[in-house]
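Here the structure comes first, spelled out in structure tokens, and everything after it is commentary.
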Amino acid sequence: MDVEALNQINIDQINIEMGGSWEFVLAAMLAVMMFAVALGLRPAQFTFFKADPKHYIAGVAAQILGLPLLTLGLVYLLDPLPSLALGMILVAACPGGNISNILTLFARGNTALSVSLTATSSLAAAFITPISILFWLSLYPPTRSLLTSINFDVWAFLMQTLLILALPILLGMLVAWKAAKLAARIQKPLALISASLLILLILFGFFKYRDIIPQIFLLVLPLVIIHNAFALVLGYFSGLITKADIPTRRALTFEVGIQNSGLAFVILVTQLSGLGGAAVLVATWGLWHIIAGGVIIGFFKFSDRRLGHV
């Protein structure tokens, strides 16, 4: 499809509507996912703050402040359509994804630090993410105007998102504290079931809007590749600043570059009117950052072979 045809699609006015019952299921799946994450939180995962604070703090700062700030600079520079900019900022304001731990392991990175940072970002998500989303969206005039055009209710968003995120996290931590054996037994099955259902619902959304999404995808993919590349570089650079060793730099690369796009998608559909451009961008992010992660693992392993670190 040529550029003229793409421009005829009013992407900012397209809404991905799953239907009231499906949106409720999405919200429930997100709550279960956050509950499962909390079941796996352990005090030992936060010991890096005392044992090796500079790398830990660098990772937290890059995730919570660095990536949203970098994204804000990118949307000002690239000037994407408002709904696409909203999707970029939304992804950047969400916590890191759990898959970063697996990628770090395959890349021979500092897995312990990766787990600690994922645990921190997951815990912080319950309280920081809703406020962070609103803050960064308000700093870019087109996204601020877009929120006004969809009659966005700030307080309803904060209350509903905190309920979906914070309550399951707190309940999960309580179960992990009071019934550790039960938490260990049900954590993985709950995480697997909720993640699988979330993927199925997202695929259903893609199928439902299969005539529109391929057209938007041509605009979205370049933005996702650029955005994700900058996120991965930011993670690696944060390790250089703290003079981290190679395994730690690799862990920081994945922790900042791999975002919880599933969380972003659910928030978008259930709380932000399912703006079409943003929804496609977020879903594409979820696919692309895994591909990019695999490529980087290959590069790291190639580098190890050249240096004789096999």
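Where a number appears in this text, it was derived from the coordinates with a stated rule and is not lab data. Quantities reported herein were computed from a predicted structural model and do not represent experimental measurements. Cβ: placed from backbone, ideal geometry, glycine included. Neighbour counts: every protein chain shown.
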Structure shown: which of 243/301; 50/178; 54/301; 50/243; 54/178 lie over 29 Å apart, alpha-carbon to alpha-carbon?
54/178
Please list, in order along the stretch 130-138, the HN-Hα scalar couplings obtained from phi with the Karplus expression 6.51 cos²θ - 1.76 cosθ + 1.60 (θ = phi - 60°), rounded to whole Hz, x for Gly and Pro.
x, 5, 4, 4, 5, 4, 6, 5, 6
Just flag the trypsin sites (Lys or Arg not before Pro) in the stretch 212-310 sitting in loop per DSSP whose Cβ has no more than 10 other Cβ atoms within 10 Å.
243
Given H placed 1.01 Å from N in the peptide plane, which residues other than close sequence neighbours of residue 110 have an amide H under 5 Å from its amide H?
248, 250, 251
Pop a pseudo-label 7 angstrom from the Cα along the beta-carbon direction at both residue 295 and residue 207 and give the gap in nm to one decimal.
3.0
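So what is the relative contact order for the stretch 16-307, in percent, with contacts set as C-alpha pairs under 8 Å and at least six apart? Can you show the working numbers first?
Details: 394 pairs, mean separation 103.2, N = 292.
For the stretch 16-307, the relative contact order is 35 percent.
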When you have a sec, figure out the Kirkwood radius of the stretch 229-296 from all distinct Cα pair distances and drop it here in Å to one decimal?
12.9
Residues 177, 285 in order from fewest to most other beta-carbon atoms within 10 Å are 177, 285
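Given Cα pairs under 8 Å that are at least 6 residues apart, what percent is the relative contact order of the stretch 214-310? Present the calculation step by step, with values, prior to reporting the outcome.
Numbers: 78 pairs, mean separation 29.0, N = 97.
Taking the mean separation of contacting Cα pairs over the length of the stretch 214-310, I get 30 percent.
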Extended-chain gain in nm, criterion 0.36 nm per residue less alpha-carbon gap, residue 138 and residue 77
20.3 nm
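Can you tell me which of 127-134, 93-100 comes out highest on packing, and rank the rest after it, using the mean Cβ neighbours within 10 Å?
Put in order of decreasing packing, that is 93-100, 127-134.
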Spatial separation of Cα centroids for the stretch 58-74 and the stretch 80-140, in angstrom
9
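Using the number of other C-beta atoms within 10 angstrom as an exposure proxy, rank 122, 145 with the fewest first.
Working: 122 26, 145 11.
The order, fewest Cβ neighbours first, is 145, 122.
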Ranked by Cβ crowding within 10 angstrom, fewest neighbours first, how are 56, 140 ordered?
140, 56
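Give me the extension gain from residue 184 to residue 229: residue separation times 0.36 nm, minus the current Cα-Cα distance, reported in nm with one decimal.
In short, 12.7 nm is gained.
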With θ taken as phi - 60° and the coefficients 6.51, -1.76 and 1.60, list the Karplus ³J(HN,Hα) couplings across the stretch 218-235 in order, rounded to whole Hz; mark glycine and proline as x.
5, 7, 7, 4, x, 5, 5, 4, 5, 4, 5, 4, 5, 5, 5, 5, 4, x
Measure out, as a whole number of angstrom, how far apart the alpha-carbon centroids of the stretch 160-204 and the stretch 230-287 sit.
21
For residue 259, distant residues with modelled amide H under 5 Å away
97
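If you average over every viewing direction, what projected area does the convex hull of the Cα atoms of the stretch 16-307 give, in nm²? If you can, show how the numbers build up before the last one.
Numbers: hull surface 60.3 nm².
That works out to 15.1 nm².
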